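Taken together, the values in this text are just the output of simple stated rules run on the coordinates, not laboratory data. Source: prediction; values computed, not measured. FYI the Cβ positions are ideal-geometry reconstructions off the backbone, even for glycines, and counts take in every protein chain you see.
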Number of protein chains: 2
Amino acid sequence: MQGVEATRETGAGSGLTERQGAVLEQALRLLVDGGERALTTAGVARAANCSKESLYKWFGDRDGLLSAMIAFQASKVRTLDVSAEALDAAGLRAHLVAFAKDLLDVLSGEVSLALNRLAIGQASREGSKLGRLLQERGRRPIARRAGALLEAGRKAGLLAFDDAEEAYGALYGLVVADWHLRMLLGEDASAIKKDFSRRAERAVDAFLALHGGKG
Amino acid sequence: MQGVEATRETGAGSGLTERQGAVLEQALRLLVDGGERALTTAGVARAANCSKESLYKWFGDRDGLLSAMIAFQASKVRTLDVSAEALDAAGLRAHLVAFAKDLLDVLSGEVSLALNRLAIGQASREGSKLGRLLQERGRRPIARRAGALLEAGRKAGLLAFDDAEEAYGALYGLVVADWHLRMLLGEDASAIKKDFSRRAERAVDAFLALHGGKG
DNA sequence: GCCCCTCAGTACCGTACGGTACGGTTCGTG
DNA sequence: CACGAACCGTACCGTACGGTACTGAGGGGC
């Protein structure tokens, strides 16, 4: 069976075989459950039923494994772009609320939290390579999606702002506030999660009060 | 000289001698410079010219040292409460801008960033003890100061909000947005810091547009 | 002048981890 | 059937770190 797997690649065209993807899945599981201390090469090998030698052949070294984990997880999260046609006020609000909910869901996900903790913990090592990777593959796609939505709103005369970057910052801040940091620090997120819908709507309403066109 | 130091306590009444404070200072220096990996007990002992045995006598174990570092740093940051008398619109705005600037300065400080990285990295260990400590000694005093200011503004009829916690969340989000996370991930903060003043003012203006009384 | 306490410096121990090497097994291929 | 590639499982090595024990020196208290 191994020979077959070894050449069949994973869908995302990331150059990973299914076997390697499964190994990364197990590694993410270990990271989520036990933090970075639990993410040892021997542990990954044991959990994934593979040998350490294969790990080093596939990913180079431990840092390569960490990078591959981030890239792999990012490849699974698809940020669907919104078709910006026929946008009225209610539609814009609905899209913004959906974005806000998605944002909160992603940021509060256990894998996202674990990877952010990992990258933050390594930020003072080797030029924060993991941090930059996480920004590229995690934050940027989200910001792009929001930016497109905001631009569409402005084009439709529904939003007013000078700097799109700044407007996105306001939206992000109103939605997330300090919840992300609190969750990263270990605060229990379950009590927070059930309030995401209301929170997203209030934040979007506040954002529209600030930047709503002709409002 | 040692005997003298050993009984003279540090000003904050934290039960620490000056010598122990100096050791914690060196430990913070090591943490800032090299991250958690550089914060070894042997390294601290060498940098502070003390013995490992003293470290363990004073702080129990490595986790005790980390906790002491957080408490020590927090004891140095004094959050001055604002006298809420004679508050007019301009005064409120000035106070809010000052708060926003202080908040950005604190969060972007290298010691703060290093301690946050440390606590976040340990969040999945032993019930995120460091995370809770950082929240108690770091976030809470700041939130208290802001909360008092907001309440004073409401009493003076200058602010309107239902939930003080939510209003504080909006203020925090507008001021900080995702800059804190980006700095934690290792993004260079120097380019950001020079813009703090403008950033604080724009955020406060937005906040006042949302919650400014009769406005 | 003597005792005792504190502390620096160092040597030491156990362990855990990153990385490597090797034997054995399962496949596909000619 | 023979060969080779990929790979699992494990044993192994060097190192680094947390924590402990010991030695010796510098003062205070009486």
> Against the longest principal axis of chain B, how steep is helix B:140-155, in degrees 0 to 90 to the nearest 10, with axes from Cα atoms?
Replying inline: 20 degrees
> For labels at B:A160 and B:A209 in the simple 7 Å Cα→Cβ model, what's the distance in nm?
Replying inline: 1.7 nm
> What list of ³J(HN,Hα) couplings, whole Hz, do you get for segment A:31-45 from phi and the Karplus terms 6.51, -1.76, 1.60, once you set θ to phi - 60° and write x for glycine and proline?
Replying inline: 5, 5, 6, x, x, 5, 4, 7, 8, 9, 4, 5, x, 4, 4
> How many Å³ per residue does the convex hull of the Cα positions in segment B:10-62 occupy?
Replying inline: 73 Å³
> Hey, what do the phi angles of segment A:173-180 turn into as Karplus ³J(HN,Hα) couplings, whole Hz, using 6.51/-1.76/1.60 and θ = phi - 60°, x for Gly and Pro?
Replying inline: x, 5, 6, 8, 6, 9, 5, 4
>> With loop defined by DSSP as not H, G, I, E or B, and exposure as at most 14 other Cβ atoms within 10 Å, which is the longest segment of chain B clear of exposed trypsin sites (Lys or Arg not before Pro)?
In response: B:79-193
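From the square roots a ≥ b ≥ c of the eigenvalues of the alpha-carbon gyration tensor of segment A:143-215, which class results: rounded (a/c under 1.5), prolate (a/b over b/c), or oblate?
Cα axes put segment A:143-215 in the prolate bin.
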> For B:K155, which lysines qualify as cross-link partners when the Cα separation must be under 23 Å and same-chain residues fewer than eight apart are set aside?
Replying inline: B:K214
> What base-10 log of the normalised intensity I(q)/I(0) is obtained for segment A:91-215 from the Debye formula, alpha carbons as equal point scatterers, at q = 0.11, 0.15, 0.16, 0.21 Å⁻¹?
Replying inline: -0.41, -0.73, -0.81, -1.20
> With the Cα gyration tensor of segment B:175-215 giving a ≥ b ≥ c as the square roots of its eigenvalues, does the rule (a/c under 1.5 for rounded; else a/b larger than b/c for prolate; else oblate) give rounded, prolate or oblate?
Replying inline: oblate
> If the label for B:D88 sits 7 angstrom from Cα along the Cα-to-Cβ line, what are its distances to the same label in every other copy, in nm to one decimal, shortest first?
Replying inline: 4.7
> How big is segment A:33-112 on each of its three principal axes, counting only the C-alpha atoms and giving the largest first in Å?
Replying inline: 57, 23, 19
> Restricting attention to segment B:57-165, which GluC sites (Glu not before Pro) occupy a DSSP loop and are surrounded by at most 11 other Cβ atoms within 10 Å?
Replying inline: B:E85
>> Need the full-extension length gain, A:E187 to A:E53, defined as separation in residues times 0.36 nm minus the C-alpha distance. One decimal, nm.
In response: 44.5 nm
> Over the protein assembly as shown, with a single point scatterer placed on each C-alpha, what log10 of the ratio I(q)/I(0) does the Debye formula yield at q = 0.07, 0.09, 0.12 1/Å?
Replying inline: -0.40, -0.65, -1.08
>> Once the label point is set 7 Å along the Cα-to-beta-carbon vector, what list of distances in nm do you get between B:R132 and its counterparts in the other copies?
In response: 3.9
> What nm distances, shortest first, do you get from the label point of A:G43 to those in the other copies when the point sits 7 angstrom along Cα to Cβ?
Replying inline: 2.1
> Taking H as built 1.01 Å from N, whose amide H comes closer than 5 Å to the amide H of B:L159, not counting residues under 5 places away?
Replying inline: B:R154, B:G213
>> What is the distance in Å between the Cα centroid of segment B:98-127 and that of segment A:192-209?
In response: 26 Å
>> When only alpha-carbon atoms are used, what values of Rg and Dmax, in angstrom, describe chain B?
In response: 19.9, 64
> How large is ³J(HN,Hα) for each residue in segment A:112-129, as worked out from phi by the Karplus curve 6.51 cos²θ - 1.76 cosθ + 1.60 (θ = phi - 60°), to whole Hz, x for Gly and Pro?
Replying inline: 4, 4, 5, 5, 5, 4, 4, 5, 5, x, 9, 4, 9, 10, 6, x, 6, 4
